[in-house]
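Data block below; observations after.
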Amino acid sequence: MSDTSTAKPVLYSGIQPSGSIQLGNYIGALRNFTKLEKDYRCLFGIADLHALTVRQEPAALRKQTQQLAALYIACGLDPDANIIYCQSHVPAHAELAWVLNCYSYMGELSRMTQYKDKSARHSDNINAGLFTYPVLMAADILLYQTSVVPVGADQKQHLEITRDIAQRFNGLYGDVFEVPEPYIPKETARIMSLTDPTRKMSKSDSEESYIALLDAPDVIRRKLRRAVTDSEGEIRVDPDNKPGVTNLITILSGMTGQTAEEACASLAGKGYGELKDAVADAVIEVLTPIQQRYQQLIADKDYLAQVLNTNAERAAALARRTLRKVYKKVGLYQG
Ligand code: TRP
């Protein structure tokens, strides 16, 4: 079936190619993405243009972009059934972002908490791209007539502004854009930091606090052995009083497919050392085939380039239809 004839609702997901993908992303997002292709026409955008809003080492950015594409595929996303592509390969993103900039207000953009946080953290580089970041994200989403967007808490506000911009534009010009909804997965496992289990696992924290999908088995085991627990010695789920142990159980059940109760039962009478080893075994078992597939893909640069080119063309064909409509509506002479 061609990309345009499908009646499935569109799901759009974007990930920036900055830094490594960690276990929390895998359990909370990537792993479930493979189940979505049945019900949705899925686009997985590698948001390289967004990455430019903070300074990047050019060679590293290029490498991380390829790595992310390879990881998506290694995690089981089929690049024929889904559209896995690079944002910068589809010029319509930048083109629509410009138009939408003219329909976005300084006031609403300056209220974005991520902008406020990032401009505080990168006070030497508060560039205009950082400010209009949500408008580019709105363009990503709206170009494909997206129905649902899986977003974590940190991107919720950006989805809200996307909806506002879409509704504003539709109010002026008729129904040009589908107004996207957040996609809330049925079960959401929140994976916490290994060093501070009251915080979400994040690749922007210290290396010891997260497991990267490409961490070697001995690194995975070491990080888990050092994970913060408590002095009680009892293995049970209690997020308030035992966030570290609860997190290890959540990871274990995320890896084995057991419920938290089953995971606890399987460790009855055992100590934290055994819990940590069981988690390490389970994580290594799941990640090893992904890492092997990843190594094959990353070694085959021609294949990766070909996949990204073909998929960019597929995305561009869809994006062009929306962009043309927008240009026409706002009065750009199309000949
Ligand atoms: N801004 C998102 C993030 O940092 C990445 C992103 C870019 C995105 N474009 C998107 C997410 C479109 C969802 C939809 O996490």
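The values are calculated or read from the model by the stated rules, or taken from the named source; none is laboratory data. As the structure is a computational prediction, the values presented were derived from the model and not from experiment. Cβ sites come from the backbone with ideal geometry, for glycine too, and all protein chains shown count toward neighbours.
For L304, the stated conditions do not hold, so it cannot be described as farther than 30 Å from H89 by Cβ and assigned to a helix (DSSP H, G or I). Do the conditions hold for Y173, that is, is it away from the ligand (no atom under 12 Å from the Cβ) and farther than 23 Å from L213 by Cα? Yes, satisfied. From the residues in the stretch 118-170 that are outside any loop (DSSP other than H, G, I, E, B), under 25 Å from Y183 (Cβ atoms) and of a type in the set (S, T, Y), which one is farthest from the ligand (Cβ to nearest atom)? Going through the qualifying residues, I end up with T132. Residues that are away from the ligand (no atom under 13 Å from the Cβ), touching a Leu at 6+ places or on another chain (Cβ under 6 Å) and assigned by TED's automatic domain parsing to the domain that holds V135 are absent from the stretch 41-62 altogether. Taking the listed residues M137, M192, the one that is under 27 Å from L30 (Cα atoms), within 19 Å of the chain's Cα centre (by Cα), in contact (Cβ under 8 Å) with a residue 24 or more places away in the chain and not assigned by TED's automatic domain parsing to the domain that holds R31 is M192, with no other qualifying. The one condition from (1) assigned to a helix (DSSP H, G or I); (2) more than 27 Å from T250 (Cα to Cα); (3) touching a residue at least 24 places away in the same chain (Cβ under 8 Å); (4) more than 14 Å from the ligand (Cβ to nearest atom) that Y26 does not meet is (2). Condition first: touching a strand residue (DSSP E or B) at 6+ places or on another chain (Cβ under 9 Å), within 21 Å of A315 (Cα to Cα) and surrounded by fewer than 19 Cβ atoms within 10 Å (Cβ to Cβ). Can you find one or more residues in the stretch 97-119 that meet it? Checking the stretch 97-119: not a single residue is touching a strand residue (DSSP E or B) at 6+ places or on another chain (Cβ under 9 Å), within 21 Å of A315 (Cα to Cα) and surrounded by fewer than 19 Cβ atoms within 10 Å (Cβ to Cβ). Within the stretch 20-35, the presence of at least one residue that is buried (at least 22 other Cβ atoms within 10 Å of the Cβ), out of contact with any Phe, Trp or Tyr (no Cβ under 8 Å at 6 or more places or on another chain) and hydroxyl-bearing (S, T, Y) is confirmed. Entry remark, the stretch 213-252: residues being among the small types (G, A, S) and buried (at least 22 other Cβ atoms within 10 Å of the Cβ) number 1 in total. Residues that are polar (S, T, N, Q) and within 23 Å of K270 (Cα to Cα) were ranked within the stretch 198-234; the one that is farthest from the chain's Cα centre (by Cα) is S231.
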